[in-house]
Each structure stands twice: as C-alpha cells, then as structure tokens.
1. Points 7 angstrom from Cα along the Cβ direction at Arg76 and Asp108: gap in nanometres?
2. Which value in deg cm²/dmol, rounded to the nearest 500, describes the helix-derived mean residue ellipticity at 222 nm for the chain, given -39,500 (n - 2.57) per DSSP H run of n ≥ 4 and division by the residue count?
3. Got a sec? Charge dipole of the stretch 142-219, +1 on Cβ for Lys and Arg, -1 for Asp and Glu; which of Phe161, Ala176, Ala187 is way out at the positive end?
4. Of Gly282, Leu143, Cys253, which is farthest towards the positive pole of the chain's charge dipole, taken about the Cα centre with +1 and -1 on the beta-carbons of Lys, Arg and Asp, Glu respectively?
5. About its Cα centre, how strong a charge dipole does the stretch 227-279 have in debye, to the nearest 20, once Lys and Arg get +1 and Asp and Glu get -1 at the Cβ?
6. Pairs of Cα atoms under 8 Å, at least six residues apart: use those to get the relative contact order of the stretch 162-305, whole percent.
7. Size of the dipole of the stretch 280-370 about the Cα centre, Lys and Arg at +1 and Asp and Glu at -1 on the beta carbon, nothing else charged, in debye to 20?
8. What is the stretch 149-275 by shape, rounded, prolate or oblate, if you read a ≥ b ≥ c off the alpha carbon gyration tensor as root eigenvalues and call it rounded for a/c under 1.5, prolate for a/b larger than b/c, and oblate otherwise?
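Read-outs throughout are calculated quantities, based only on the coordinates presented, and are distinct from any laboratory measurement. No experiment lies behind these values; they were computed from the predicted model shown. Note that we place each Cβ from the backbone using ideal geometry, even for glycine, and neighbour counts take in every protein chain shown.
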Amino acid sequence: MTPPRLSLVDQHCHSVLRDDPTADSFAAHLTESDAPPAPGTSHLDTQLGFAVRRWCPPLLGLEPHCPPGHYLDRRRELGADEVNRRLLGSTGITDYLLDTGLDGGLLDLPGFAAACGGAVHEIVRLERLAEHAADTAGSAEALADGLAGAVREAARTAVGFKSIAAYRHGLDLDPAAPSRAEVRAAAGRWLDGRPPGGRLTDPVLLRHLLWSAAETGLPLQLHTGFGDPDLRLHRCDPLLLTDFIRAVRPTGCSVVLLHGYPYLRSAGYLAHAYPHVYADIGLSLSYTGARAGAVLAEALELTPFGKLLFSTDAHGLPELFVVGTELFRRGLTGLLAEWTAEGAWSAADAERVAAMAGGGNARRLYGLDG
C-alpha cells in the first residue's frame, strides 16, 4: 500500500538553523542527550540517525544510507538555504505550528515561512514569555500583575500556548489556580534570587501561567514524557495532570499532551476519558525509527481518532521534518493496510482517519480554516 499523500499540519515544531551545522552540531541534533556518544560511535548510530540516512540523501541527490561524511559534504556544497528549501518542500506539510521559545541560530518566523513555503502559526512558550516579563519588571507587584496580561496580549496573534513545566518542575503540580497573594509572593521570591536571564522554576508561577493561558480559551500544549536530561521522566507521566485536566475543563481550554513516549497509553486514556484532551504523536515516531509503526499502534489503541495529532517536534535540522513525516505516513499506511486487509476497518474509514490525524484534527482544534 502506497503511503497516502496527506495534507499535513505539523502541530508542534521549531525553526531550523540559519547556517550550515558542523558535523558535531548535526549529530547533536539527533539526540536528547547532552553527552557524547559511546566511544567509536556517533549519535547517527540510532533509530533516528538511520532514518535520516534512509530518507534524506535522495532529496539531495545521493543514495539512501550513503556514508554520513558524504551526506554532510553534499549538504555543505548546497548550503543551508538550498537544503532547507529542498527538505522542507518535500514533506507535504501545509501548516506549521511553531514554538518560538527556543534560540540558538534559528530562522525567525518570517525566515522560516520563506524557507518552508507553507503557512506558519505561532505557539507561544509560557516560560519564555514570563522570563521576558521578569527582565523588565520593576517590582514583584508589577510582575505578578503583568504575567496574565502578557498571556492575554500574546493570545491576540498566537494560535496556542505551550508549557515546559515538566522540565522546570514536573507535572505533579498543585492543580488549583494560585491566589493573587500567592502569585505576588512567588514573583518576589523569583525576582530576589534571579540572575539576569534566569529560568522560571517556581511551581506557583508555573501554575499561574497555565491557568492564565487556559482562561484565554486557546489550546494549551504540555510537554509530557521523553526529553533531555533536564527532566525527571517519572514526573512527566501525563496521568499526573489528571486533576488539572478536570479542574481546567470549565474554561473551555483544550489540553494537548505532547510526545508522550513512553506514556502513550496514559495520554490515550486521558484523551479517551476527557473531551478537551488531545494526544500528540510527535517526537515518539522520529526517535523510534523503524519501530514507529508499533509506537503509532499503541497511540491508536485508546486515543479517539478525532483527537490524535501529527507533529514532528523538529528542531534545528530540516531533516527532522522529513523523517517525522515519512515515519508517520509509512507507519500509518502499514497499520491501515493490515487492519483493512483483515476486515477490521473499512477502506473508507481508514482514509478518513488518516486525514483526521494528519491534519484535519489540528485544523479544527486550532481554527486554521477560519
């Protein structure tokens, strides 16, 4: 069965590098680790690394699985602009929901839009928004009063918000909205001990941001599961959000559980049980590579089909957009072929579910069709 040429909406991703990466930088973008690989190996010696070597070389005029050195030489020969154009243009992604909370030599929103040729929509990262506010706040009271206002202002142009509370504290937060007095006291503590540019880790202020975002009514993306060594994985199980999910439901905010791995079944349960919860499959597929079909099958066990969302979580390298889309399409194609062949699904339903997960659900959730 040929992978369907779906019109994809990448509902969670980041921008790409402006300049050519070095060999070490390229490999570092293929791992969540901050450490070097095992002696005598590379970060390309992973499921993700092998997937990059399978799907990306032909787009640059090379054979699949060519040696990494040949690929990087060809990359440098073409230059970052041409590589970005070729790789991003190959994916079939029509809309990109870009988390703008990362720095590090990345294209800005207009630059990324020019490179990808698609529609680009901003997802505002709450912690970065708060850190910018703290840089200019004259007092704890001004910061406490200004955070919710900054969220409301961002909501005028963004299509959603994203939080990395899982990294900064863990998902085992008090689910209730903090009081004004609690927020003011926490703002004072943060400003008193914060170096310039210091990160937000205070659980009271993290909760305040989550509730401020929820009250705008825009979708709220939350990192769950797998990530870099900053987090503690056992505190990133989406089931820890159950009480917050229940509490926030009256606001009308939709909660999007990002990534999930290895807690895909937890995310699927929450999407199954609560009408305002959605489950994202990004990152999980890219890092599992040749096993992506099995991982996608787990996500499809309990997640209602109208609540599963495609994304790549690509960052830095356009190769990660290519791999994310190829593994999603091929993993989904294999499952649909199996289930329709055995009569469990009809062909018409299989096509409908593929279109929903690939982009239809995201368009409805984020209002992308106006």
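1. The modelled label-to-label distance comes out at 3.0 nm.
2. Details: 17 runs with 171 residues, N = 370.
About -13500 deg cm²/dmol.
3. Phe161
4. Among Gly282, Leu143, Cys253, the one farthest towards the positive end of the dipole of the chain is Cys253.
5. Values: 5 positive and 4 negative charges, 35 e Å.
That gives the stretch 227-279 a dipole magnitude of about 180 debye.
6. Details: 229 pairs, mean separation 33.2, N = 144.
Relative contact order comes out at 23 percent.
7. Values: 7 positive and 11 negative charges, 35 e Å.
That gives the stretch 280-370 a dipole magnitude of about 160 debye.
8. Values: a/c = 1.73, a/b = 1.26, b/c = 1.37.
Because a/c hits 1.5 or more and a/b fails to exceed b/c, the stretch 149-275 counts as oblate.
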